[in-house]
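Participant: Below is a structure I'd like to ask you about.
The values are calculated or read from the model by the stated rules, or taken from the named source; none is laboratory data. Values in this document were obtained by computation on a predicted structure and should not be read as measured data. Methodologically, a virtual Cβ is constructed for each residue, glycine included, from the backbone with ideal geometry; neighbour enumeration extends over all protein chains shown. Remember, those area values only see protein heavy atoms, side chains included, never the ligands or the DNA or RNA. Shrake-Rupley method; radii C 1.70, N 1.55, O 1.52, S 1.80 Å.
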Amino acid sequence: MMLNMDYAQRRERLARQLPGKSVAILMNPKPAHKTGDQDYAYRPDSNMLYFCGMDEPGAVAVIMSADQAKRMVMFVLPRDPERERWVGPRYGCEGAVAQFKADEAFDIGLLKDKLSEILFALDGVYFDFSQASELSPMLFEVVEKLRHRGRHAAEGPRAFCDLRDIVGEMRRIKDADEIEAMKRAAAVSVAGFKDVCKMLRPGIGEWEVEATLQHGFRARGAIGESFGSICAGGAHATTLHYEANRDRLNDGDLILIDAGAEVDYYAGDISRTYPVNGRFTDAQRDIYALVLKAQKEAIKMCVVGNHMKSPHERVREVFADGLHALGIFAEEPKEILEKNLDFEFFFHGTSHYLGMDTHDVGIAYGRGDDAPAPLLPGVVITVEPGLYFTENDARVPEKYRGIGIRIEDDVLITEDGPVVLTADLPKEIEDIEK
Ligand SMILES: [Mn+2]
């Protein structure tokens with residue numbers, strides 16, 4: 001499946017950032033074996049999708065720096081009529097040229113030999129170091145051979161560089177095609193949550209909520225979930241990544257749902273916390289109102305000129321005030337912040353980048369957690385404050401124990417302020433009570 005996106009333009013932007021005579025190597029992983037003759041559901045590499053739209057397992061793309069004659073060489077599985085009868089058509093070398101606009105394409109079996117020819121006259125090779133376990137043994141072998149050719153001056157690149165810094169900064173800022181895809185992912189994610197609101201009641205299983213999300217996403221054309229759905233009833237919500245989803249929902253409990261649809265390889269990521277029986281208790285309402293206030297205040301901070309930590313700093317201020325006012329901390333808000341006391345109950349960040357990956361690429365903070373990255377038009381982040389009081393935490397008034405609440409929306413930064421891509425999903429108390 002190739003989307004209608006301007007891949008050539010992205011490749012040109014990459015090519016101009018590759019220094020001197022160098023190449024960037026992109027690679028789709030091989031299918032991951034599951035059991036017997038079954039593989040896990042296949043997910044192509046996000047960088048390959050971003051630059052080429054190429055979804056075939058094992059495919060390799062070599063993108064040349066701007067000063068070279070060729071722009072891109074691809075390596076793909078060869079056509080194989082017998083095999084294709086079973087698993088469907090392959091693009092083949094013809095397809096790599098015709099559809100994916102490679103200047104040349106070769107059988108993947110020729111990768112080492114052809115790379116040797118390509119790398120002979122180059123200075124540097126860029127690739128995603130997270131793929132090093134597969135790529136680097138082959139690359140070192142090729143480069144090592146080039147350096148030992150006869151008595152001539154050794155040839156071949158001297159440097160391997162991590163591609164992620166260049167690509168991370170590109171993918172951090174979504175182009176118009178991506179923003180449209182993210183709106184589709186947000187809309188399908190919202191629709192799945194609305195399906196859940198209709199079926200939520202005491203006695204049903206967390207797994208039924210999960211299944212409703214899966215159905216809601218897939219039935220609307222999503223690839224599936226962008227990550228394993230968290231459907232955490234009651235105190236399970238205080239476990240941040242509870243994915244077991246195997247308990248029943250009790251009357252009087254909350255359910256924290258953190259899920260999203262993957263549409264056209266772009267992720268939605270939403271959290272909502274609902275009262276299972278349709279009405280908050282007073283204690284639940286106290287905490288919900290505080291988290292909601294913090295979330296709405298933090299979204300206001302998602303503007304150009306602010307940085308990745310601005311929403312988080314605002315959340316902490318609102319929480320410090322609220323936790324003091326509710327009697328959870330005797331300390332004054334200023335002291336709560338200075339001593340990071342709020343970290344006891346809000347122990348994750350407020351935001352991450354969102355895109356082809358749920359925790360999308362791009363540097364969010366400089367070394368040592370300072371120098372947070374600026375929020376620029378086209379950046380999409382989540383805003384997801386939460387408060388979590390475990391069941392046995394004696395420091396907390398009893399009525400609040402076992403309450404876990406998170407509220408999360410997906411926010412696009414624009415010149416005109418924050419655009420909440422998931423705004424269609426209600427979160428006000430009067431809108432979610434029934
Ligand atoms: Mn998230």
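Participant: Antiparallel versus total DSSP beta bridges in the range 7-171: what percent is that, nearest 5?
Facilitator: 50
Participant: Then there is this: How far is helix 282-300 tilted off the main Cα axis of the chain, in degrees rounded to 10, range 0 to 90?
Facilitator: Here the helix axis deviates by roughly 40 degrees.
Participant: Follow-up question, since we're still on this one. Where Lys and Arg each count +1 and Asp and Glu each count -1, what net charge lies around GLY234 among other residues with Cβ under 9 Å from its Cβ?
Facilitator: Neighbourhood net charge equals -3.
Participant: Compute the acute angle (0 to 90°) between the alpha-carbon long axis of helix 206-219 and the principal axis of greatest extent of the alpha-carbon atoms of the chain; round to the nearest 10°.
Facilitator: Compared with the principal axis, the helix lies near 50 degrees.
Participant: How large, in percent, is the carbon and sulfur part of the accessible surface of the range 233-282 at a probe radius of 1.4 Å?
Facilitator: Looking at the range 233-282 in its full context, I get 36 percent from C and S.
Participant: Under 17 Å Cα-Cα from LYS427, which lysines qualify once same-chain neighbours fewer than 8 residues away are excluded?
Facilitator: Excluding near neighbours in sequence, the set is LYS194, LYS198, LYS293, LYS296, LYS300.
Participant: Restricting to the chain, compute how many DSSP beta bridges are antiparallel as a %, nearest 5.
Facilitator: The antiparallel proportion sits near 75 percent.
Participant: Tally Lys/Arg at +1 and Asp/Glu at -1 over every other residue whose Cβ is under 14 Å from the Cβ of GLU398; what's the total?
Facilitator: After counting each charged neighbour, the total is -1.
Participant: Follow-up question, since we're still on this one. Mind jotting down the distance between the C-alpha centroids of the range 81-155 and the range 229-270, whole Å?
Facilitator: Here the answer is 42 Å between Cα centres.
Participant: Using r as the Cβ-Cβ distance of ASP282 and GLU180, and R0 as 60 Å, what FRET efficiency do you calculate, to the nearest 0.05?
Facilitator: 0.90
Participant: Roughly how many whole Å is it from the C-alpha centroid of the range 389-433 to that of the range 171-213?
Facilitator: Using only Cα atoms to place each centre, the spacing works out to 16 Å.
Participant: Given only helices, namely DSSP H runs of n ≥ 4 each adding -39500 (n - 2.57), what is the per-residue ellipticity at 222 nm of the chain, to the nearest 500 deg cm²/dmol?
Facilitator: -10500 deg cm²/dmol
Participant: What list of ³J(HN,Hα) values in whole Hz, one per residue of the range 311-324 in order, does the Karplus curve 6.51 cos²θ - 1.76 cosθ + 1.60 (θ = phi - 60°) give from phi, with Gly and Pro shown as x?
Facilitator: x, 5, 4, 5, 4, 5, 4, 5, 5, 4, 4, x, 5, 6
Participant: Please report the Cα spread of the range 82-208 along all three principal axes, rounded to whole Å, starting with the longest.
Facilitator: 78, 41, 33
Participant: In bins 10 Å wide, starting from 0, what share of all Cα pairs of the range 9-62 does each bin hold, as a percent?
Facilitator: All Cα pairs, binned at 10 Å, distribute as 24, 41, 23, 10, 3 percent.
Participant: Among 17-29, 126-138, how do they line up from the highest to the lowest mean number of other beta-carbon atoms within 10 Å?
Facilitator: Averaged packing, sorted descending, gives the order 17-29, 126-138.
Participant: Starting from the range 269-369, pick out the GluC sites (Glu not before Pro) whose DSSP state is loop and whose Cβ has at most 16 other Cβ atoms within 10 Å.
Facilitator: Of the GluC sites (Glu not before Pro), the ones in loops of the range 269-369 whose Cβ has at most 16 other Cβ atoms within 10 Å are GLU331.
Participant: Net charge within 15 Å of ALA8 by Cβ-Cβ distance, Lys/Arg positive one each and Asp/Glu negative one each, not counting ALA8 itself?
Facilitator: So the surrounding residues net to +2.
Participant: Once the convex hull of the C-alpha atoms of the range 69-149 is built, how many Å³ does it hold per residue, rounded to a whole number?
Facilitator: 124
Participant: Would you compute, for the Cα atoms of the range 173-432, the largest minus smallest coordinate along each principal axis and list the three values in descending order, in whole Å?
Facilitator: That works out to 50, 43, 31 Å along the principal axes.
Participant: Then there is this: What are the chymotrypsin sites (Phe, Trp or Tyr not before Pro) within the range 277-364 that DSSP puts in a loop, where the Cβ has at most 13 other Cβ atoms within 10 Å?
Facilitator: The qualifying sites are PHE347.
Participant: Now for a different question. Ranking request for peptides 238-249, 268-279, 379-390: highest mean number of other beta-carbon atoms within 10 Å first, then the rest in descending order.
Facilitator: Descending mean neighbour count gives 379-390, 268-279, 238-249.
Participant: Right, another one. Rg over Rh of the range 7-171, using C-alpha atoms and the Kirkwood radius, what does it come to?
Facilitator: 0.98
Participant: Determine how many Å³ per residue the convex hull of the Cα atoms of the range 321-434 encloses.
Facilitator: Spelled out: Cα convex hull of the range 321-434, divided by residues, is 169 Å³.
Participant: Another question about this same structure. Please state the Cα pair-distance histogram of the chain with 10 angstrom bins from zero: what percent is in each bin?
Facilitator: Once binned at 10 Å, the Cα pair distances of the chain give 4, 19, 26, 22, 15, 9, 4, 0, 0.
Participant: Given the range 1-101, report the % of alpha carbon pairs whose separation exceeds 16 Å.
Facilitator: Of all Cα-Cα distances in the range 1-101, 60 percent exceed 16 Å.
Participant: In Å, the Kirkwood hydrodynamic radius of the range 224-302 over pairs of distinct alpha carbons?
Facilitator: Kirkwood radius, the range 224-302: 13.8 Å.
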